[in-house]
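Only one structure is covered here, and it is reproduced in the block below.
All of the numbers you see were taken from the coordinates with simple rules; none came from a lab. Note that the coordinates shown come from a computational prediction; the quantities given were computed from them, not determined experimentally. All Cβ positions, glycine included, derive from the backbone under ideal geometry; neighbour counts span all protein chains shown.
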Amino acid sequence: MKLNPPNFIDPAAATALQHASHVVVFTGAGVSSESGIPTFRDALTGLWERFDAASLATPAAYRKDKDLVWGWYEWRRMQVLRALPNPAHIAIAALAQFVPKLTVVTQNVDDLHERAGSTNVVHLHGSLHTPRCFACGRPHHLDQEIPREPEGGRRLRPPNCDHCGGSIRPGVVWFGESLPTQELNSAFTAAKQCDVMLVVGTSGLVQPAAGLPARAKNAGASLIQINPVKTDLDGECTWTLYGQAGTLLPKLLNMAFPNMDLTRVA
Ligand code: APR
């Protein structure tokens, strides 16, 4: 492992990308933070300031106080719908044109990768945009108009299922729940097959997703991490680029592929 000073990009990382035949980009909340979406380790504000995200993101928390938890997710959905993809999302989408195969695997429940133009994104932790019934599991259609939640948030009664009348829950994976099998298998397969994995904006604390970089490394891939701070994944990574994804990722990809258009959003 090479320890780089802040904002330094080792040209060897760019060279590894140039020679890669399958690149996996594995993202966490940090890739969306420059779009204004708080990470999970940021302190909550407003109605939720006395909670931490992990204590609201459980089936038990929802059972105990559905209005509090649904209100929190609607407030987050509003933030996401108002947000725009940032240069990191755009660079990841552009990369698809420059490598033979690209797989984007995210822990994020927003759709900013898709809105930047990435396709077939593997969402390991579900999506804010696919709610379903807590009782019968059927999908529920939510208005895609931006909800008008007050800035400080509010408690909000979840809608009821059209089929069984049960309460609607967000379509995200909560702590204590299993990850969707197909997505997890796709991510494991891609990690095993790739020759470079870009690990962007994740603390690497939440399993099983946090195990993906080690799987890729054990299968022979080089790992390039981008994060402003040290993480538990530093030891796994061939290169860690310390800095903001929105700055370093476009620079790295531009070093590797000088013809890349980093202005385009699909
Ligand atoms: N660029 C790159 N990385 C950044 C940036 C940025 N601009 N801003 C913050 N980061 C980094 C932080 O330093 C941190 O390491 O992003 C990481 C965010 O970590 P978490 O909030 O823990 O997010 P994540 O790793 O995605 O969390 C995993 O935990 O709460 C659950 O299900 C939730 O999917 C989430 C999972």
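What is region 80-148's relative contact order, in percent, from Cα pairs under 8 angstrom and six or more apart in sequence?
28 percent
Report relative contact order for the chain in percent, whole number only (criteria: Cα-Cα under 8 Å, sequence separation at least 6).
29 percent
Please report the net charge: other residues with Cβ closer than 11 Å to the Cβ of Cys161, K and R +1, D and E -1.
For residues surrounding Cys161, the net value is +2.
Where the only charges are on Cβ atoms (+1 Lys, Arg; -1 Asp, Glu), what is the dipole of the chain about its Cα centre, to the nearest 20 debye?
With Lys and Arg at +1 and Asp and Glu at -1, about 320 debye.
Less than 9 Å Cβ to Cβ from Arg132, Lys/Arg counted +1 and Asp/Glu -1: what total charge do the surrounding residues give?
Residues close to Arg132 contribute a combined charge of +2.
Kindly provide the helix-only [θ] at 222 nm of the chain, computed as the sum of -39,500 (n - 2.57) over DSSP H runs of four or more divided by all residues, to the nearest 500 deg cm²/dmol?
Taking each H run of at least 4 residues, the total per residue is -9000 deg cm²/dmol.
Where in the chain lies the longest segment free of GluC sites (Glu not before Pro) that are both loop residues by DSSP (not H, G, I, E, B) and have at most 13 other Cβ atoms within 10 Å?
Answer from the scan: 50-144.
How much of the pair distance distribution for the chain lies past 29 Å, counting alpha-carbon pairs only, in percent?
31 percent
Compute the long axis of helix 66-82 from its Cα atoms, compare it with the longest principal axis of the Cα atoms of the chain, and write down the angle in degrees, 0 to 90, nearest 10.
40 degrees
Determine which aspartates and glutamates satisfy two conditions relative to Lys230: a Cα distance under 20 Å, and not lying fewer than 8 residues away in the same chain.
Counting by Cα, and skipping residues close in sequence, Lys230 has these aspartates and glutamates nearby: Asp10, Glu34, Asp42.
So if a site counts as exposed when it's one of the trypsin sites (Lys or Arg not before Pro), its DSSP state isn't H, G, I, E or B, and it has at most 13 other Cβ atoms within 10 Å, what's the longest stretch of the chain without one?
51-147
Could you tell me the relative contact order of region 1-102? Use alpha-carbon pairs under 8 Å, at least six residues apart, and round to a whole percent.
Relative contact order of region 1-102: 36 percent.
Of all beta bridges DSSP finds with both residues in region 114-266, what is the antiparallel percent, to the nearest 5?
Percentage antiparallel, nearest 5: 40.
Taking the Cα atoms only, what angle lies between the long axis of helix 181-193 and the longest principal axis of the chain, rounded to 10 degrees?
Relative to the chain, helix 181-193 is tipped by roughly 10 degrees.
Once amide H atoms are built 1.01 Å from N in the peptide plane, which residues 5 or more positions from Leu241, or in another chain, come under 5 Å H to H?
Gln225, Ile226, Asn227
Along the charge dipole of region 112-258, which of Phe175, Thr231, Leu205 sits closest to the positive end, that is, farthest toward it, with unit charges on the beta carbon of Lys, Arg, Asp and Glu (+1, +1, -1, -1)?
Phe175
Can you list residues from other chains, or at least 5 along the same chain, whose modelled amide H is less than 5 Å from the amide H of Thr103?
Val23, Val24, Val25
For every other residue with a beta carbon closer than 13 angstrom to the beta carbon of Ala43, add +1 if it is Lys or Arg and -1 if Asp or Glu, then tell me the sum.
Neighbourhood net charge equals -1.
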